[in-house]
Amino acid sequence: MAKNNKKPLGICNLFPIIFFGAIFLFSWLQIKPALIGYWQDTVFLTGKDFFMQFVKYPGGIINYVSDFIAQFYIYSWLGAILIGVVSVIICLLTLYLFRVTGLKTDRTFLYLIPAFLIIFFVSDYNFHIDIIIGILTALLGFILFVKIPDSLIKLFVFIISAVIIYYVSGGSLFFYSFLCLFYILLSKKYTNKIKFTGLFIILLFSVLLPLIAIKNVQGLTVKNAFLNTLPKADDFKTPLLPYMLHLFFVIILFIPRISKTAIFKKLGKKASKEFKCKVQLYLILALTVLVFLSANIKNDKELINIEYLARNGKWKKLIDESNRLQKVGFPFIYHINRALAHNEMLLDNMFYYPQRFGTDGIFISSEFAYEKPMLNSDFYYEIGHVNESLHWAYEALSIKGPAPDILKRLVIGNILKEEYQAALKYLRNLEKTLFYKKWALSYMETITGNSDLSSLHQFAKIKNNMPDKDFIFYSEHTPLELAVLLEKNPENLMAFQYLVAYKLLNADLSDLPLFINNFMALDYKSLPRHFEEALILFMIHSGDTDKFKWGPYIISEETLNRFNEYDRILKAFNNNPQAAKDAIHKSSLRNTFWYYAMYIYPNITKK
C-alpha cells in the first residue's frame, strides 16, 4: 500500500516542472512570440528621454516595463522564456495568495490556472503583456493589504497603495480595489461599521484618482485614465474573455466560504490525498488539451506569419507555408505574388493561386496602404523606387513611432539617396535599441568615415534600379512607374515581372510583343509559362499564328498541348464557356491564364 501511495504523489511533485516545460515549448513552437513582436511592433529605446515619456501619465511605468519585455520577442525562444517566467511568477503569487487568504495548499494545482489563461490570452496577438504586469502589481498590493492585521491601518495602507498602484499601473487600480473590497465584505472578522467604511473609502478612491488625473495630466483621455493596462474591448474579438484572469482571483476570495459548507467538508473527509491529486491532474490535463487546441484559433496567426516571413525576406518558406493553407484570400495573395516575383516565378506560377483580386493582388490599394504603410514601403524598396519607399516609411513613422523596422528603412533609403545626415538621425535612435545597436554603430562608423555607403554590395542592386528622372506619381498604381524604372534599368527583374503581371491581370494582350526584348535583355532561356499562354491568345486574336516570330523563343510543346486540351474541352461543350467551366475547373487547366481570362477576370470588381 505504501508504494502505491507514493507513486501518484511523486507524479504530483513532478507535475509543475513538466507543466511549465510544456508552457515553454508551446509558447516557443506554437505561439511563436516572434510573430507577436512583429505584429505589435513595440518601440523601446534606452535613455532618459524615452523613459520620461512614460512617467507623465498613470500606468506609464507598466507600459514602459511591458515595452522593455516585448522587445525580447524578436526571438521566439527568448520570448517563450519570458512568457514562462511571467507564468511562474503569477502562479507562485497565486499559491501565496491561497495561503494568506486561508486556503489549504496541500496537493493543490489550482494555482496553475493563471498560466493556462496567460497562454490562452497571449495566443491572441492583440493581447499586450502590460495587462499581465498590471495584474501582478495589483496582486502584490493586495497581499500587502491582507497581511496587515489592524483594520484601520489596513484602510490607511489602501489609500497609500491605491495612489502608488494607480500611478504605476493605471486601470489595474480597479482590479486591486475589487480584491480589497471583496476581501473586507466576505471576512467575518470585521464589523459592519468597518465594512461600510472600507466600502466607502475603496469606491471613493477608485473613482477619485482617475478624475484627478484627467484634470491634471495634459492630453489624458477619460478612457486611458480609467482603462490603461486593462483589456480594452475594441482590441479583442470576445471583449469579456481577457477579464477571466481578473475574475479568477476574485473567485479565490469566495473559496474559503464555500469550503466551509457542510457538503464540501463531507467530501473533503472522504477524499484521500491520492484521490485529490489524481482528480486535479485529470482536470489540469483536460484544461491543457482545451487551451492548446483553442489557442491561435481566434487570431490571424496565418496572415501574421506570412507577413512576418515577407518582412524578413524568407520567400521560399513563405511559398511553402502558403501551399499548406486551406484558404488563400487577400492579402495572402499579395504576399504570395511578392514571394513568386522574388523567386523569379511570378510569370510561371501566379495563376496556380486564386487571382480573384486582379491588380489589387500585386499592388496595394491606397485605402489599405494607409492602414499598413510599411507594406507599401517594402514593395517600392524592392522594385527600386526609393523615394516612394521613403514616403510610405515616413507615413509609418507618423502612425507607429520609431519602430526598428521603420528606422532601418529610413536609414537605408537615405543612404541610397546619399543623404547621410538624415540617415545619421535615425541611426542615433537605433543606437538606443538593444538588438539593433550593433547594426546602427557599424553604419555610423562608415558614414562618419566619409565612405560612399550607397556603393556597398547590399545596396548596389537597388541603386541601379533607382529612377534617374522625375515623373508624376499617382495614388492609384499604374504601369507608368514600372515603365520608368525599366527605362532606367531594363534588367530590373522585379519591375519587369510586375509590369507583365499587371498586363496579364488586366487581360491586356496588346503590348505582349514589346516584352520580347526585355526577356532577351534579362537572359531568359525560354518564355515564362503564363506569358506563353497569353501569347497564344494574342496570336489567335491578331490572326497571326506564326509561332516562330518571337525572336529566339518558340512556344513550348507543353503549352501548345495544354491549349489543345483546353480547346478540346470547350468544343466538347459546343464552345459554350459556362457549360465547360466545371470540367475545366476540375482539371489542371484551371491554373492557366486562359481560365483566368475567361472566368475570373470578368467577375473582378474594384472596391
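General observations
- The helices (runs of 4 or more DSSP H) located wholly in the range 300-375 that include 2 or more residues which are touching a residue at least 12 places away in the same chain (Cβ under 8 Å) and farther than 29 Å from Phe519 by Cα occupy 301-311, 366-371.
- Selected residue (only one of Ser475, Ser451, Ser442 is among the small types (Gly, Ala, Ser), within 32 Å of the chain's Cα centre (by Cα) and at pLDDT below 80): Ser475
- Verdict on Glu491 being at pLDDT below 85, under 24 Å from Asn343 (Cβ atoms) and surrounded by 14 or more Cβ atoms within 10 Å (Cβ to Cβ): no
- So Ala521, is it touching a Pro at 6+ places or on another chain (Cβ under 6 Å) and not assigned by TED's automatic domain parsing to the domain that holds Leu347: yes
- So Gly219, is it within 22 Å of Asn63 (Cβ to Cβ), of a type outside the set (S, T, N, Q) and surrounded by fewer than 14 Cβ atoms within 10 Å (Cβ to Cβ): yes
- Where helices (runs of 4 or more DSSP H) fall entirely within the range 89-190, those with at least 2 residues that are within 28 Å of Phe24 (Cα to Cα) and either more than 39 Å from the chain's Cα centre (by Cα) or assigned by TED's automatic domain parsing to the domain that holds Ala213 (or both) are at 113-122, 130-147, 172-186.
- Close contacts from the range 151-177, counting a first residue that is under 22 Å from Leu220 (Cβ atoms) and a second that is modelled with pLDDT under 90 and of a type in the set (Ser, Thr, Tyr), with Cβ to Cβ under 6 Å and a gap of 6+ residues or different chains, come to Ser169/Thr229; Gly170/Thr229; Gly171/Thr229; Ser172/Thr229.
- Those residues of the range 407-434 which are more than 17 Å from Lys461 (Cβ to Cβ), part of a loop (DSSP other than H, G, I, E, B) and not β-branched (Val, Ile, Thr), in sequence order: Glu419, Glu431, Lys432, Leu434
The values are calculated or read from the model by the stated rules, or taken from the named source; none is laboratory data. This structure is a prediction, so every number in the text was calculated from the model and none was measured. As a convention, Cβ positions derive from the backbone with ideal geometry for all residues, glycine included, and neighbour counts pool all protein chains shown.
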